[in-house]
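The values are calculated or read from the model by the stated rules, or taken from the named source; none is laboratory data. Everything quoted here is computed from the prediction, not taken from an experiment. Positions of Cβ are backbone-derived with ideal geometry, glycine not excepted, and every protein chain shown enters the neighbour counts. Heavy atoms of the whole protein, side chains included, go into the accessibility calculation; ligands, DNA and RNA do not. Shrake-Rupley method; radii C 1.70, N 1.55, O 1.52, S 1.80 Å.
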Amino acid sequence: MKIVVLDGRTLNPGDLSWEPLKALGEVTIYERTEREQVVERSLEAEILFTNKTLIRKETIDQLPSLKYIGVLATGFNIVDVDYAKEKGIVVTNVPSYGTQAVAQFVFAHLLEICHHIPDHVASVREGKWNRQADFCYWNQRLIELAGKTLGIIGTGRIGVETAKIARAFGMRIIAYTPRPKPELIGGDFDYVSFDQLLASSDVISLHCPLTDETRNILNHDAFSKMKEGVIIINTSRGPLIDESALVAAFKSGKVYAAGLDVMAVEPPKERSPLYDIPNCHITPHIAWAPVEARGRLLGIAVDNLKAFLEGNIINQVNP
Ligand code: NAI
C-alpha cells in the first residue's frame, strides 16, 4: 500500500520518528510539495497525508487510487471534504493533540501584551535600569487581567481550555457560539449573542474553525461594535479577521493590541501593514508546535490510519 506524506517537514523536522507510519505501508515523505507537484507525487497513492497542502476537487479527480486523506492538523479547510465524500474518500483530522498547547499560547500572546517582557529585558540589557533615578521603570502600559472580560468565539476544545486558564487569572468569561452546548451554560462562562460579546469584551479570542460562515467574522462592522481599546487574540485561522479592517481599527484606536498566530495568507506573500503596528504581535503559526504536541499529532494520525485499515474509522471529518 502506497502512502504519501506531502508536507512532512513542519510536523517532523527531524525530532520525531516516522517508523510507526512506515510499519503500515510503503511510505514516501516529502518535506513540502508545491501545488503543481501534488498530482504527480500522489498518482499511485491510496493514502495521502497533508498538513497544509491544498487537496481540491481538481486534484481529487486526478487521483483514481486515492482512498484516504489524513490531515496532519485539526483545521481541515485545506481539503475539499464534501467532494472527497462524494468520491468515497475518507478524510480524517487530528482533533485534539494541541488543545493545551494552543490555549497556553493564547496566554503567551496575552501576557506579552500585558507585560512586554522581551522589550523590558532588552532595555535592562541596554543599561536603561542602571541609569534610572528610581528603583523601577516601565516602558509601556502594564495590564492586570483579573476582572477583565474575555470574549471567546467558538467554545470547542481550545475555547473551553482557554476559558479554564482565563478563570485562573480571575477573568470574567463570556462566549459566543451558534450552537451552545447546554452542559457549558452556567459553567465556566456565560453564553451571549455575538453583538453582546463584541460590546462587552476587553479581550476577544477566536477559537472557531474557518468556514464560509466565519470568514471575516471580525470585519469593519464587528470592530465598530467593540469596546474602545479592545485586545484581539487569533490562534485559530487568519481569514477569520479582515486584516484591512484590523489595520483601520488600530489606527482609530478601537483596537489597543493584537496577538496573531495566524494570517490570511501563510506564509505571507507581502509585508503586511500589521508588521509596522507596534502593539500588533505576530507569530508564525507556532501555537501547535511544541514537540510534545507534534508527537501526539503524529501518533494520532498513525492511529487514525490503523483504524481505517481495520475498518473502524475514527476522527472522520466527512462521514
Ligand atoms: P473544535 O472543533 O473543538 O471547536 C470549534 C468550535 O467553534 C465548535 O464549538 C463550533 O461549534 C464553534 N463554531 C463553529 N462555527 C462557529 C461560528 N460561526 N461562530 C462561533 N463558533 C463557531 O476545534 P478546536 O480544537 O477548539 O480548534 C479550534 C480551531 O483552532 C481549529 O479550527 C483550528 O483552525 C485552530 N487551531 C490552530 C492551531 C495553531 O497552531 N494556531 C492549532 C490547532 C487548531
>> Which residue is modelled with the lowest pLDDT, if the candidates are limited to segment 150-183 and must be part of a loop (DSSP other than H, G, I, E, B) and within 8 Å of the ligand (Cβ to nearest atom)?
In response: Lys181
>> Can you find a residue that is among the basic types (Lys, Arg) and away from the ligand (no atom under 16 Å from the Cβ) anywhere in segment 237-244?
In response: no
>> Can you tell me how many residues within segment 169-184 are open to solvent by 90 Å² or more (accessible area, probe 1.4 Å) and closer than 14 Å to Leu145 by Cα?
In response: 1
>> Of everything in segment 275-310, what is over 24 Å from Leu48 (Cα atoms), within 14 Å of the ligand (Cβ to nearest atom) and open to solvent by less than 20 Å² (accessible area, probe 1.4 Å)? Give them in sequence order.
In response: Ala287
> Failed condition for Asn139, given (1) without any contact (Cβ under 8 Å) to a residue 12 or more places away in the chain; (2) away from the ligand (no atom under 11 Å from the Cβ); (3) in a loop (DSSP other than H, G, I, E, B), with all others met?
Replying inline: (1)
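To keep it simple, each residue is scored yes or no on (1) over 20 Å from Met1 (Cβ atoms); (2) open to solvent by 40 Å² or more (accessible area, probe 1.4 Å); (3) aromatic (Phe, Trp, Tyr); (4) touching a residue at least 60 places away in the same chain (Cβ under 8 Å).
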| residue | (1), (2), (3), (4) |
| --- | --- |
| Asn12 | yes, no, no, yes |
| Tyr30 | no, yes, yes, no |
| Arg35 | yes, yes, no, no |
| Ile47 | no, no, no, yes |
> What tally of residues in segment 111-155 results from selecting those that are open to solvent by less than 30 Å² (accessible area, probe 1.4 Å) and over 23 Å from Cys280 (Cα atoms)?
Replying inline: 2
> Based on what the data block shows, is Val71 of a type in the set (A, V, I, L, M), open to solvent by less than 10 Å² (accessible area, probe 1.4 Å), in contact (Cβ under 8 Å) with a residue 40 or more places away in the chain and away from the ligand (no atom under 13 Å from the Cβ)?
Replying inline: no
>> Looking only at segment 255-274, count every residue that is touching a strand residue (DSSP E or B) at 6+ places or on another chain (Cβ under 7 Å) and away from the ligand (no atom under 16 Å from the Cβ) and tell me the total.
In response: 4
> What are the residue pairs meeting all of these: first residue in segment 97-119, first residue farther than 24 Å from Asn139 by Cβ, second residue within 16 Å of the ligand (Cβ to nearest atom) and among the charged types (D, E, K, R), Cβ atoms under 6 Å, and 6 or more apart or on different chains?
Replying inline: Tyr97/Arg296; Thr99/Arg157; Thr99/Glu161; Ala103/Glu161
>> With over 23 Å from Asp212 (Cα atoms) and not polar (S, T, N, Q) as the only criterion, which of Ile89, Ile78, Ile113 stands out?
In response: Ile113
>> Consider segment 77-100. How many of its residues are surrounded by fewer than 22 Cβ atoms within 10 Å (Cβ to Cβ) and either of a type in the set (Phe, Trp, Tyr) or touching a Pro at 6+ places or on another chain (Cβ under 6 Å) (or both)?
In response: 1
>> Please go through segment 87-135 and give me each residue that is of a type in the set (S, T, N, Q), within 16 Å of the ligand (Cβ to nearest atom) and outside any loop (DSSP other than H, G, I, E, B), ordered by number.
In response: Thr92, Thr99, Gln100, Gln104
> Limited to segment 194-209, what total is found for residues that are away from the ligand (no atom under 11 Å from the Cβ) and open to solvent by 10 Å² or more (accessible area, probe 1.4 Å)?
Replying inline: 5
> Within segment 238-267, how many residues are in a helix (DSSP H, G or I) and of a type in the set (D, E, K, R)?
Replying inline: 2
> Which of the residues that make up segment 13-44 are within 16 Å of Val302 (Cβ to Cβ) and in a loop (DSSP other than H, G, I, E, B)?
Replying inline: Leu16, Ser17, Trp18, Ala23, Leu24, Gly25
>> Looking only at residues that are more than 10 Å from the ligand (Cβ to nearest atom) and part of a loop (DSSP other than H, G, I, E, B) in segment 210-225, which one is nearest to Ser236 (Cα to Cα)?
In response: Asn216
>> Being basic (Lys, Arg), farther than 21 Å from Thr99 by Cα, open to solvent by 70 Å² or more (accessible area, probe 1.4 Å) and without any contact (Cβ under 8 Å) to a residue 60 or more places away in the chain is the requirement here; does Arg215 meet it?
In response: yes
